[in-house]
Every structure is written in structure tokens, then in C-alpha cells.
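The values are calculated or read from the model by the stated rules, or taken from the named source; none is laboratory data. A quick note: this is a predicted structure, and the numbers were derived from the prediction, not measured. Cβ: placed from backbone, ideal geometry, glycine included. Neighbour counts: every protein chain shown.
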Amino acid sequence: MNATARGLFVVFEGLDGSGKTTQLERLAARLEAAGHAVTRTREPYDCEAGRRIRAMAQSGEAVSAEQELAWFWEQREEHVREVIEPALADGRIVLCDRYYLSTVAYQGARGLDAGRLLADSEAAFPLPDLVLWLDLPVTEGLTRVDDRGGPAEPVFEDAERLEAARGVYASLTMSYLARVDAAGDPDEVAKRIADALRERLGLVV
Ligand code: TYD
């Protein structure tokens with residue numbers, strides 16, 4: 001009996017307003033139309049720790065960076081165990097909206113050691129096959145967020161903090177990271193994403 005080949009793990013990263021959610025959905029639809037089995041998922045994962053994070057963000061009352069890190073770590077362990085690993089073991093393409101590079105960028109922007117967060121994350125969690133970093137200037141992302149009714153979670157959406165988070169993303173050099181210019185209309189961005197998938201994974205969409 002043949003073991004099922006492991007699936008592909010593709011992560012979307014970027015600041016709020018960078019278009020991750022839209023582009024993830026578009027890509028999922030195209031992959032499914034081409035006959036692939038796709039799992040769409042996102043962090044914060046909907047589990048107890050994830051709900052604590054959402055409640056904190058919506059209350060507007062920040063907690064310490066260390067507490068935030070502990071909660072994001074906890075929800076990720078559960079997310080990997082319950083969703084990501086089983087789907088990959090099943091040979092599916094997993095499209096994930098945010099993963100550990102969000103912790104590196106956002107909790108790094110809060111003053112935690114980004115290098116350490118990255119090393120610890122890579123040691124603890126499955127590595128993605130590809131991370132699509134949708135890069136957009138902070139002001140443009142904030143304008144898009146305002147256009148869709150303002151920040152849902154202002155705790156995370158302070159311009160200075162976002163600038164720092166973008167700086168962390170920009171400093172990353174691992175081979176599985178692809179920077180995608182997220183400016184311009186969604187069709188153009190989708191084409192850049194398709195190019196990255198073809199070049200990096202040999203996957204034609
Ligand atoms: P997200 O669901 O992408 O925001 P929204 O629902 O408003 O589109 O993520 C919520 C916020 O959590 C986002 O601003 C980034 C932040 N975040 C971290 O700070 N660290 C993390 O590890 C993750 C996954 C998200």
C-alpha cells in the first residue's frame with residue numbers, strides 16, 4: 001500500500017490590509033478548480049487561547065508582550081495538531097492566513113527578540129513550503145483597513161508598531177519566504193502569487 005504523499009503548506013503573511021484574506025480565497029478557488037484538495041485555515045485559531053487573544057484585542061486592553069506570545073504559541077500548537085498536520089498527512093494543500101512569522105514580526109515589534117522567536121518557532125513547528133509575504137506600505141494598508149470600516153482590533157493596528165513589524169518581515173532571509181508586492185489591483189497581485197508558486201513550488205495555477 002502506498003503512503004499518501006505529504007501535502008503542501010503555503011502561508012500568507014503581511015500587515016493588516018495587505019490583502020492576505022482576499023488572495024488566499026482566490027488562490028484556494030483556483031487550486032480547487034484545478035482539482036487540488038485544499039484546506040483553508042487561519043490564525044488566531046479558534047480555540048480557547050485564540051478566543052482569549054480576540055477578546056483581549058477587542059477590549060482594547062493590551063497585555064504584556066510575553067503574555068501575548070504565550071497565547072499565540074498555545075493556539076498554534078493546537079492549530080498544528082488539529083488542522084495543519086492532519087491535512088498535510090492527508091496530502092492536501094494547506095493555505096494558512098498567518099503563522100509563526102506573524103509572531104516574529106508582531107511580537108518582535110513589541111520588543112521581544114525576533115531572531116530568538118524565529119529560531120524557537122522553526123524548532124517547534126512544521127516549516128512551511130512557502131510563505132507569501134504580501135508587502136504593502138503601512139499607510140496603504142491602514143487606508144484599506146479604514147475603507148472597510150476601521151480596525152477591528154486597534155490593539156494590533158498602531159502605525160508605529162506596524163512599521164516595526166514590516167521592518168521585521170523585511171529583515172527575514174529564509175529560503176521559503178517570497179516577497180510579493182501587494183500594491184495595485186487584486187488581479188495583478190494574484191498573478192504575482194501565481195508566479196511565485198510556479199517558480200518556488202512548480203505548482204501551476
Ligand atoms: P488577523 O486575524 O489577521 O486580523 P483581522 O481579523 O483583524 O484581519 O490577526 C489578528 C491580529 O493578531 C493581527 O493584527 C496580527 C496579530 N497577530 C500577532 O500579533 N501575532 C501572531 O502570532 C498572529 C498569528 C497574529
Single residue of G108, G141, G167 found to be within 16 Å of E13 (Cα to Cα), at pLDDT below 95, part of a helix (DSSP H, G or I) and not charged (D, E, K, R): G141
Among (1) more than 14 Å from the ligand (Cβ to nearest atom); (2) surrounded by 18 or more Cβ atoms within 10 Å (Cβ to Cβ); (3) of a type in the set (V, I, T), the one test that T143 misses: (2)
Of all residues in segment 90-120 being more than 22 Å from L134 (Cα to Cα) and in contact (Cβ under 8 Å) with a residue 12 or more places away in the chain, the one that is farthest from the ligand (Cβ to nearest atom): G91
Which numbered condition L27 fails, given (1) touching a residue at least 60 places away in the same chain (Cβ under 8 Å); (2) within 9 Å of the ligand (Cβ to nearest atom); (3) in a helix (DSSP H, G or I): (2)
Any hit, segment 68-78, residues being within 22 Å of D158 (Cβ to Cβ), assigned to a helix (DSSP H, G or I), acidic (D, E) and within 13 Å of the ligand (Cβ to nearest atom): yes
Residue tally, condition away from the ligand (no atom under 11 Å from the Cβ) and touching a residue at least 12 places away in the same chain (Cβ under 8 Å), over segment 30-47: 10
Residue within segment 3-20 that is away from the ligand (no atom under 11 Å from the Cβ), aromatic (F, W, Y), modelled with pLDDT of 95 or more and under 17 Å from L127 (Cα atoms) present: yes
Single match in L88, L117 (criterion: closer than 17 Å to Y176 by Cβ and either in a loop (DSSP other than H, G, I, E, B) or in contact with a helix residue (DSSP H, G or I) (Cβ under 8 Å, 6 or more places away or on another chain) (or both)): L117
